[in-house]
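Have a look at the structure below, then the notes.
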Amino acid sequence: MKLTRKAALVMAAVPAIVLVTPVGSASAHGYVSSPPSRSAQCAQKTVPCGAPTYEPQSAEGPKGLMNCNGARGDFDELNDDSKGWRATSTGTSLTVSWTFTARHRTRDYEYYINGSRVGYVNGNNAAPADPVRHTINLSGFSGRQKIFAIWNIADTGAAFYSCIDVNVNGGGTPPPTTTPPTTQPPTTTPPTTTPPTTQPPAGGTWAANTSYAAGAQVTYGGSTYRCRQAHTALTGWEPPNAVALWEKI
Amino acid sequence: MIAVAVLALAGCGGGAAVPEAQQQHQQGHGHGAATSTAPPPAATARFNDADVMFAQMMVAHLQQGIDLAVVAKAMATAPKVKELAGAVDVTQREELEMLKGWLKLWGKPEQPSSDPNVHAAHGGMPLLDAKVIAEVKDRSKEEFDLAYLNLMTGHQGGAVEMAQTELKDGSNPETTAYAQRVRDSRSGQIQQMLTLINGQ
């Protein structure tokens, strides 16, 4: 009796994580990847965000919430409707896909607009198998809407929350922002490097988010490199750090 | 240049690790990557448990990512998906050999001391296994790209989480610098893959 009351108190005070069994089921994570949810737009850098940029999958909280951030205080910005989220144009049939960083047995998926449940998919207590794709019926809605998408996992008290902004049937006022001009990360060349006249053929300074063909030559840190295979350059894949992609010449 | 690599490793007291590491490297890269430039510096001897855990978990994580990327190189329809899978494949092979070399120098095994799933809290290890990779191979041509992109986006999201933990708790300078590159390059891949998922 005493133990039970104590356990109940603990459960009330600390949601979700305490209930996790010790082996094999610690943190499950997931979010709606398509249409781009607010979490996905943070990761895509469509909208500048803080913590969700690197952890779009972690809007975790106890089941039964109706928000975009779960219980994550540092994800609060996901609830800010004025942040310039891009709304996806759709008809009344909307296909939603999910991305998971951990695979957990699933109770169900729920979709809400203004407190009404517009979609429900039973998870059958099974682990998700990609692609996880659901079709939601948005009949009766038009214009800009915010869909609360919820992944209720089966083996802890936790759920994962994603908000999807849509514009149904082109009705209503257009979304406040289209793609902000900040979509592409800056790819500007540092102004202090080599003058253009001394560049090797088809060269230029290596820059992240640039598409390079095999054989392309760049300079980086005073050295010249030749691209081994076609790829889009990324911060972290600088030529000296990605010998598999760049041959020093 | 190979001599430079040998010296760099031997200088940290791990000379015995060199031949095997180089042999694996050559097996991993048909085109002989990593022979024209010295590899990233060998890790120094100062390290803590977080560094070891990160390196061990990344060894398993990198191999799973390579297995999945190899499937995508063969099966993906969209050229951009194939291209990214190809770059992930070769860069992760390079990273894998580097981390194996570090663990050898530190005298630590390549596997964590217990079931990797125990460490799921460090960043979602249980996402990919042989069964999941076999399942994605069975997808129709129409479904494959979406299934792969969502899987790989989630998988690399796990790498970002592990890197964040290492940046917070690690002490070895080469390992934390590598964690920074993991965080940046994987979040860059996620950005690209979400764009591909959404057909933008």
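With both labels modelled 7 Å from their Cα along Cα-to-Cβ, the residue A:105 to residue A:79 distance reads 3.2 nm. Amide H contacts under 5 Å for residue A:224: A:249, restricted to partners 5 or more places along the chain or on a different chain, H placed in the peptide plane at 1.01 Å from N.
Highest average first, the peptides A:229-238, A:36-45 ordered by how many other beta carbon atoms sit within 10 Å of their residues are A:36-45, A:229-238. With θ taken as phi - 60° and the Karplus curve 6.51 cos²θ - 1.76 cosθ + 1.60 applied, the whole-hertz 3J(HN,Hα) list for the stretch B:143-155 is 8, 4, 4, 5, 4, 4, 4, 5, 4, 5, 4, x, 4 Hz, x standing for glycine and proline. Within a straight-line Cα-Cα reach of under 19 Å, residue B:141 can be paired with the following aspartates and glutamates, leaving aside sequence neighbours fewer than 8 residues apart in one chain: A:130, B:67, B:83.
Site pair residue A:125 and residue A:210 shows an inter-label distance of 5.6 nm when each label is modelled 7 Å from Cα along Cα→Cβ. What lysines could a cross-link reach from residue B:168, if we take a straight Cα to Cα line under 25 Å and drop same-chain neighbours fewer than 8 places away? Reachable lysines: A:45, B:100, B:104, B:108. Taking both sides together, the accessible area buried where B meets A is about 4200 Å² for a 1.4 Å probe.
Inter-part distance, the stretch A:206-230 to the stretch B:128-154, computed on C-alpha centroids, equals 30 Å.
The values are calculated or read from the model by the stated rules, or taken from the named source; none is laboratory data. The structure presented is a predicted model; accordingly, all values stated were derived computationally and were not measured. All Cβ positions, even for glycine, are placed from backbone atoms using ideal geometry, and neighbour counts span all protein chains on display. Ligands, DNA and RNA are excluded from the accessible area calculation, which covers all protein heavy atoms including side chains. Shrake-Rupley method; radii C 1.70, N 1.55, O 1.52, S 1.80 Å.
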